[in-house]
């Protein structure tokens with residue numbers, strides 16, 4: 001074979017391997033993102049899928065077993081659908097009523113979900129205050145800076 005043919009063939013093999021690796025890695029990392037209503041309606045179809053779903057934590061349902069590192073709780077959506085969750089891993093720090101919980105894992109039996117990852121977010125904690133009540137002097141005092149004069 002000619003040298004150019006070998007180089008071209010080697011380039012195609014390397015490009016093919018890179019494309020294969022990208023395609024193999026991408027689907028598993030993202031999975032399927034569903035609303036709780038969609039998941040509960042099509043749960044049987046997603047038993048083998050890696051699913052992302054979110055809902056509001058129901059604090060009264062939290063069962064934490066530190067010996068087994070097992071966390072059980074329920075999530076609800078805005079339409080009243082409930083999902084029973086089990087997670088073998090640490091309990092998030094801000095695990096309280098009204099927190100939005102983002103789960104990644106797979107559905108098991110009816111209305112049950114086995115979570116590999118549990119993340120929380122509390123949007124009200126990060127929302128800004130009403131600007132009508134903003135006091136620049138108080139803000140400057142908090143930062144130990146003298147207020148700017150207008």
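Six or more apart or on different chains, Cβ under 7 Å: which pairs go from a residue in the range 37-65 that's assigned by TED's automatic domain parsing to the domain that holds residue 86 and touching a residue at least 12 places away in the same chain (Cβ under 8 Å) to one that's part of a helix (DSSP H, G or I) and surrounded by fewer than 15 Cβ atoms within 10 Å (Cβ to Cβ)? Could you list them?
Taking only residues 6 or more apart or on different chains, the pairs are 50/28.
Let me confirm something: among 70, 79, which residue is touching a helix residue (DSSP H, G or I) at 6+ places or on another chain (Cβ under 9 Å) and surrounded by fewer than 17 Cβ atoms within 10 Å (Cβ to Cβ)?
Exactly one residue qualifies, and that residue is 79.
The values are calculated or read from the model by the stated rules, or taken from the named source; none is laboratory data. Since the model is a prediction, treat every value here as computed from it, not as a measurement. Glycine gets a Cβ as well: all are built from the backbone with ideal geometry, and neighbour counts include every protein chain shown.
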